[in-house]
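The values are calculated or read from the model by the stated rules, or taken from the named source; none is laboratory data. Remember, predicted model here, so these are calculated numbers, not experimental data. Here the Cβ is made from the backbone with ideal geometry for all residues, glycine too, and neighbour counts use every protein chain on show.
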């Protein structure tokens, strides 16, 4: 491909870049995708796709990418808390069939996405490292990229009307274009369990304890991924982390899963990943759009990241489709459309972003009022019916209503307060508990309101 005949350059062939390239290529756009390394990637996150993410893939037309990788369908979650386990199944579809999620090896899934991308008409993929973004003489417009091709180490400039940066959570290029600092809240420690004995096969398992939440889900016919939360911004040595898992986490696991976790600590490489939060920024730069994790990240506890990315890819392709933006050099029109996209995506991104952090904070209580909120949340799920179907529709990316999120969050809060006041203990303490219940409400509001404001102000 010559250096000036791409309509759109995409930086990165991960989940977002592949989906976006396939969607745009099918519209007739000439797309150049630049990826630093086309070999199979290996990560500990991005291995669970919610039902809403599968729906987004269907809209793009690449849902067959979940096939042929030994992926394991999941029917929802099983939550383990204080010696009980609570089913949280995905809801039924309108036709009576069940929604499902799927777990898989991240690298295998990405390789399928890349195959779909490379087989798309009008798309060219080049293995190259993008070194910088190129501006026009005015300095106001991004006109392409400077890159080093892997095949021959040659330096080359590629120019296009529009550059889409999809280089993920560790983006090299976002710093100059985002409105908010990245928050690192904690870490996930990742291991692969071999032949785990799931108490409830076909479900993701969430283990809540006084240490930290742990999530386990199948990623192949004989493997499961476990993600163990480690609070704080800094990690100790690998030996201390292994000791933490063996001494603190294994005893808090359901009995059937303990042998496979012990074996994994000794046989697998214990890996870590910082959990980051980044509210979305409005696109203001002509010729450039940040897409996916380069622009917006949420806590991975709920497994909603890829769902947001695939919806972003689908929506962006619609908002800059040739019938909407026939001339990609019409930057005023492009920015107008991406501003519309910024608010249109709020439905799904608001719900998944805010819910991810809210659940993390509820499931890692720092005081007895937050512990009351955690206990109330589990009791709310136990009630069943809409008390479990509503939240799982939100978590699964099937309900894009911020008002429904707020409704269920404060319903959990109200139920937690009720349980705190009337749930046991001497009746003489009820007046004191009633007064203290105000603190539960305040704690709940402090959990969710800052993230609501960050979403609405961005």
**Request:** Go through segment 405-435 and give me each residue that's under 23 Å from residue 54 (Cβ atoms) and touching a residue at least 40 places away in the same chain (Cβ under 8 Å).
**Result:** 405
**Prompt:** For residue 218, are the conditions met, namely being buried (at least 19 other Cβ atoms within 10 Å of the Cβ), more than 22 Å from residue 14 (Cα to Cα) and under 18 Å from the mean Cα position of the chain (by Cα)?
**Reply:** no
**Fill in**
Selection over segment 105-131 where residues are part of a strand (DSSP E or B) and in contact (Cβ under 8 Å) with a residue 40 or more places away in the chain yields a count of 8
**Prompt:** Which ones in segment 238-268 are part of a loop (DSSP other than H, G, I, E, B) and at pLDDT 95 or above?
**Reply:** 253, 254
**Request:** Give 415, 360, 420 a once-over and let me know the one that is modelled with pLDDT under 95, surrounded by 14 or more Cβ atoms within 10 Å (Cβ to Cβ) and touching a helix residue (DSSP H, G or I) at 6+ places or on another chain (Cβ under 7 Å).
**Result:** 420
**Fill in**
Across (1) under 23 Å from the mean Cα position of the chain (by Cα); (2) crowded, with 17+ Cβ neighbours inside 10 Å; (3) closer than 21 Å to residue 29 by Cα, residue 287 clears everything bar (1)
**Asked** Of the residues 95, 70, which is in contact with a strand residue (DSSP E or B) (Cβ under 7 Å, 6 or more places away or on another chain), surrounded by fewer than 19 Cβ atoms within 10 Å (Cβ to Cβ) and not in a strand (DSSP E or B)?
**Response** 70
**Prompt:** Under the condition of being touching a helix residue (DSSP H, G or I) at 6+ places or on another chain (Cβ under 8 Å) and surrounded by fewer than 21 Cβ atoms within 10 Å (Cβ to Cβ), which residue from segment 169-185 is nearest to residue 226 (Cα to Cα)?
**Reply:** 185
**Item:** Output for segment 327-355, where each listed residue is over 21 Å from residue 282 (Cβ atoms) and not assigned by TED's automatic domain parsing to the domain that holds residue 309
**Value:** 355
**Request:** Answer yes or no: is there a residue in segment 1-20 that is touching a helix residue (DSSP H, G or I) at 6+ places or on another chain (Cβ under 6 Å), touching a residue at least 24 places away in the same chain (Cβ under 8 Å), farther than 25 Å from residue 275 by Cα and part of a loop (DSSP other than H, G, I, E, B).
**Result:** no
**Complete:** Of the candidates 80, 188, 109, the one satisfying the condition of being assigned by TED's automatic domain parsing to the domain that holds residue 245, surrounded by 18 or more Cβ atoms within 10 Å (Cβ to Cβ) and modelled with pLDDT of 95 or more is 188
**Request:** Filter segment 26-43 down to residues that are touching a strand residue (DSSP E or B) at 6+ places or on another chain (Cβ under 8 Å), at pLDDT 95 or above and surrounded by fewer than 22 Cβ atoms within 10 Å (Cβ to Cβ), then give me how many there are.
**Result:** 4
**Request:** Within segment 201-213, identify whether any single residue is part of a strand (DSSP E or B), at pLDDT 95 or above and closer than 16 Å to residue 272 by Cβ, and answer yes or no.
**Result:** no
**Request:** Report whether or not residue 216 is touching a residue at least 40 places away in the same chain (Cβ under 8 Å), touching a helix residue (DSSP H, G or I) at 6+ places or on another chain (Cβ under 6 Å), under 23 Å from residue 81 (Cα atoms) and not in a helix (DSSP H, G or I).
**Result:** no
**Lone unmet requirement of (1) exposed (fewer than 15 other Cβ atoms within 10 Å of the Cβ); (2) outside any loop (DSSP other than H, G, I, E, B); (3) out of contact with any strand residue (DSSP E or B) (no Cβ under 6 Å at 6 or more places or on another chain) for residue 152** = (2)
**Request:** Determine if segment 255-263 includes at least one residue that is closer than 29 Å to residue 177 by Cα and in contact with a helix residue (DSSP H, G or I) (Cβ under 8 Å, 6 or more places away or on another chain).
**Result:** no
